[in-house]
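These notes concern the structure reproduced below.
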Amino acid sequence: DAANEFFLQAHEYLPPDCWENAYELSFRIYQRLAKTNLMRGRYEHSERLLNHLIEHAVSDWDKAEALAEQTTSLSSFGNFNLAIATANRGLAYFDKSIPSDPEQASQRLEQLMRLIEQQGDVWDKILHMPFTQDRKRKIELAFYSELIPDLYMCGWVPQLYLSAAQSTLHCLEGGMDE
């Protein structure tokens with residue numbers, strides 16, 4: 001409650017031209033207020049803030065990060081199909097959207113599995129993998145952390161396996177997130 005109140009007050013103090021004159025601060029306040037609203041069960045408020053955040057995001061990474069937050073919000077309230085669609089919008093910024101067609105997903109999975117097999121002892125590498133500090137990598141990992149259970153809940157098995165393989169390869173190429 002205290003964090004939500006803090007960010008609500010910060011939001012109220014933002015000037016009308018906040019997106020033009022205090023973009024980074026405005027982005028973070030909207031992002032944190034949306035998250036604290038979600039934590040308090042105020043899904044509709046959170047979604048409005050996230051939509052506003054996506055609308056005003058200026059860089060692809062800001063848009064992707066806002067979409068990752070929205071994916072989390074949608075997943076939290078059981079809106080799995082929309083969460084999957086939102087995650088795919090975000091993964092498109094990385095050229096890694098998950099196809100809805102099971103056959104396409106299976107074909108891409110086979111390609112990725114060959115790449116993963118070339119990595120040697122994957123489990124040992126992951127066990128000793130450092131946490132990434134790269135914002136782009138963290139954002140992409142955030143999508144997978146929500147997308148994998150959402151795909152499971154919807155019974156999209158080939159897409160689930162593809163998402164898991166993409167996440168695994170992504171970690172092997174540059175580290176994991178906490």
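The values are calculated or read from the model by the stated rules, or taken from the named source; none is laboratory data. As the structure is a prediction and not an experimental result, all values here were calculated from the model. Using ideal geometry, Cβ is built from the backbone for each residue, glycine included, and neighbour counts are taken over all protein chains shown. Calculation scope for accessible area: heavy atoms of the full protein, side chains included, ligands and nucleic acids excluded. Shrake-Rupley method; radii C 1.70, N 1.55, O 1.52, S 1.80 Å.
Numbers below:
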quantity	calculated
Residue in segment 37-44 that is of a type in the set (Gly, Ala, Ser) and in contact with a Gly (Cβ under 6 Å, 6 or more places away or on another chain) present	no
Residue match in segment 111-119 (condition: open to solvent by 50 Å² or more (accessible area, probe 1.4 Å), outside any helix (DSSP H, G or I) and either of a type in the set (S, T, N, Q) or at pLDDT below 95 (or both))	yes
Residue within segment 148-166 that is out of contact with any helix residue (DSSP H, G or I) (no Cβ under 9 Å at 6 or more places or on another chain), at pLDDT 90 or above and either under 30 Å from LEU33 (Cα atoms) or part of a helix (DSSP H, G or I) (or both) present	no
Count - residues of segment 1-37 that are open to solvent by 30 Å² or more (accessible area, probe 1.4 Å) and under 20 Å from the mean Cα position of the chain (by Cα)	4
Count of residues meeting criterion [of a type outside the set (Asp, Glu) and more than 23 Å from SER73 (Cβ to Cβ)] in segment 127-174	17
Selection within segment 125-140 - open to solvent by less than 20 Å² (accessible area, probe 1.4 Å) and in a helix (DSSP H, G or I)	ILE139, GLU140
Residues located in segment 1-54, provided they are assigned to a helix (DSSP H, G or I), among the acidic types (Asp, Glu) and under 24 Å from PHE77 (Cβ atoms)	GLU5, GLU44, GLU47
Matching residues in segment 45-88 - criterion: being of a type in the set (Asp, Glu) and either open to solvent by 30 Å² or more (accessible area, probe 1.4 Å) or at pLDDT below 90 (or both)	GLU47, GLU55, ASP60, GLU65, GLU69
Near pairs, Cβ below 9 angstrom, 6+ apart or cross-chain, from segment 21-47 (farther than 14 Å from HIS11 by Cβ and of a type outside the set (Gly, Ala, Ser)) to any residue that is exposed (fewer than 15 other Cβ atoms within 10 Å of the Cβ) and modelled with pLDDT of 90 or more	ASN21/PRO15; TYR23/VAL58; MET39/ALA3
Filtered residue count, segment 18-36, keeping only those that are modelled with pLDDT under 90 and over 12 Å from GLN70 (Cα atoms)	0
Contacts under 7 angstrom Cβ, first residue in segment 61-83 being farther than 21 Å from ARG40 by Cβ, partner charged (D, E, K, R) and surrounded by fewer than 23 Cβ atoms within 10 Å (Cβ to Cβ), 6 or more apart	TRP61/ARG135; TRP61/LYS136; LEU67/ARG89
THR86 hydroxyl-bearing (Ser, Thr, Tyr), touching a residue at least 24 places away in the same chain (Cβ under 8 Å) and assigned to a helix (DSSP H, G or I)	no
ARG108 vs. criteria more than 28 Å from PRO158 (Cα to Cα), touching a helix residue (DSSP H, G or I) at 6+ places or on another chain (Cβ under 7 Å) and open to solvent by 20 Å² or more (accessible area, probe 1.4 Å)	no
Of residues in segment 141-178 being among the hydrophobic types (A, V, I, L, M, F, W, C), more than 17 Å from GLN111 (Cα to Cα) and free of Cβ contacts under 8 Å to residues at least 40 places away in the same chain, the one surrounded by the most Cβ atoms within 10 Å (Cβ to Cβ)	LEU141
